[in-house]
Number of protein chains: 2
Amino acid sequence: MGRSPMNREDTTKNRILAAAGPIFAQRGFQQATVREICDAADVNLASINYYFGDKQQLYIDSVILAREQRAQQFPFPSWSDDTLPEVKLRKFVGMLLKRVVVMQTIPWQVQLLMREILNPTEACRQLVEDYFRPIFDRLLRIVDELAEQPLTDLRRTQIGFSIIGQCLHYRFSAGVISLMVQEDQREECFDWDELTHHITEFSLAAIRNLGSHVAVKSSPRTSETH
Amino acid sequence: MGRSPMNREDTTKNRILAAAGPIFAQRGFQQATVREICDAADVNLASINYYFGDKQQLYIDSVILAREQRAQQFPFPSWSDDTLPEVKLRKFVGMLLKRVVVMQTIPWQVQLLMREILNPTEACRQLVEDYFRPIFDRLLRIVDELAEQPLTDLRRTQIGFSIIGQCLHYRFSAGVISLMVQEDQREECFDWDELTHHITEFSLAAIRNLGSHVAVKSSPRTSETH
DNA sequence: AGCTGTATGAAACAACTGTTTAACTCAAAA
DNA sequence: TTTTGAGTTAAACAGTTGTTTCATACAGCT
């Protein structure tokens, strides 16, 4: 009875959660103050300790909420069995970019998840198992389809990270990229269509050529005296 | 006369700078306390305000110092005019990875520069102009050499970010990657030789195939209904 | 010696932090 | 009505923060 029958109720606890997410995302765990959150939520200062025990537990609950809301907002693309792997890769890249890449203002959920990637806390291990690994596994299956021959585990993983890395770079380094490109190029530089196209084609070209050209790691020593 | 003739002097100011860098890097600007820094530097609590005015100016000076020391530690690779662009790319990737990629413990300079990339402050604009842009320009010149035909500005930039992104991913997402791969794969996953080889070959394959296959952006609309 | 200006030291300051306390409200049960 | 107990409130608490103050130390100078 005490438990919330609906999750959208305007209870004190929900009001705190709704206010805490964006504030933690923008200012980080340490910089965000409980007074700030309580003011924004329009609740009493003691409410956080009453409902969550302490500030850290509220943070953990906020991270979980961010993950849930974000996955729900951009669900994983679906495809039939006869879908070309090239198309699957494009859809995957497009999904990833939509979830993380800049769209004028950064959604607080993305910002909060970024903080966990960069500075893993308690909440991160669970995040990896429940969220990142399933996504990554699906990507690796696409890569397997695209490759002309069986890949070693290491090579598979490397290719996966190369694709993910290209995508996330536009989020993690967004500030530097903005300073780097001229003003008139900035918009098309972060354009979703443009990015999806480029990263997909770049990765496809790499996987195709990698398989046919240097399938086996030839030089065990690639020292810089090359 | 008042200015330091040698930079390596064991002055109070230098001792503060030497202590501040690692602490700022590990704990961030806000979390790092002036008391902590002064204790580590074995100077009086008031010294920071005396020599740097306030905490923020000390932080800015620390970022500048990190950049200088890091560039000096791994200078840009040199090559003659007839060096193959493929070799240049390998050297570039290797240099970048050496500067940023995990080597057991992260150097504090890298950690501090990361913080600036992710959360740009005052110190970042200067960092981009003096440090990132020259590096990026050299990369773009290599890309030009590798491409079989002239590239548009946008395409050039995109390829550059694809390469940088692959490298930085192993730093920014290092925590998540460690949680992602099995324990027995972790070492070779972060191995410098292995990484340099993969990212170089992946990017080379992409650039070659990209130029010959879909040199011109064919579809202005690549919506997800593809 | 006496003066001068830089450097250091211990202490205090004022503001802010997360958390706790104890009084209070008020609907539902007895 | 009385009692109960979860929810709310304002105030206080104890600790930490960056910064300032002011006394002192001491070298280089006249």
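Here are some notes:
- In the range B:168-180, the residues that are within 7 Å of chain A (Cβ to nearest Cβ) form Cβ pairs under 7 Å with partners that are basic (K, R), at six or more places apart or across chains, as follows: B:L179/A:R125; B:M180/A:R133.
- Residue within the range B:145-158 that is more than 10 Å from chain A (Cβ to nearest Cβ), over 18 Å from A:I164 (Cβ atoms) and open to solvent by less than 30 Å² (accessible area, probe 1.4 Å) present: yes
- Being open to solvent by 30 Å² or more (accessible area, probe 1.4 Å) and modelled with pLDDT under 80 holds for only one residue in B:M95, B:M103, and it is B:M103.
- Complete set of residues in the range A:184-213 that are over 18 Å from B:I163 (Cβ atoms), in a helix (DSSP H, G or I) and more than 7 Å from every other protein chain (Cβ to nearest Cβ): A:D184, A:R186, A:E187, A:W192, A:G211, A:S212
- Positions within the range B:159-191 being closer than 17 Å to A:Q185 by Cβ and open to solvent by 10 Å² or more (accessible area, probe 1.4 Å), in sequence order: B:I164
- Residue count for the range B:23-58 under the criterion of being within 14 Å of chain A (Cβ to nearest Cβ) and either of a type in the set (S, T, N, Q) or near DNA strand C (Cβ under 10 Å from one of its atoms) (or both): the result is 4.
The values are calculated or read from the model by the stated rules, or taken from the named source; none is laboratory data. From a predicted model like this one, the values you see are computed outputs, not experimental measurements. Using ideal geometry, Cβ is built from the backbone for each residue, glycine included, and neighbour counts are taken over all protein chains shown. These area figures cover heavy atoms from the full protein model, side chains too; ligands, DNA and RNA do not enter into them. Shrake-Rupley method; radii C 1.70, N 1.55, O 1.52, S 1.80 Å.
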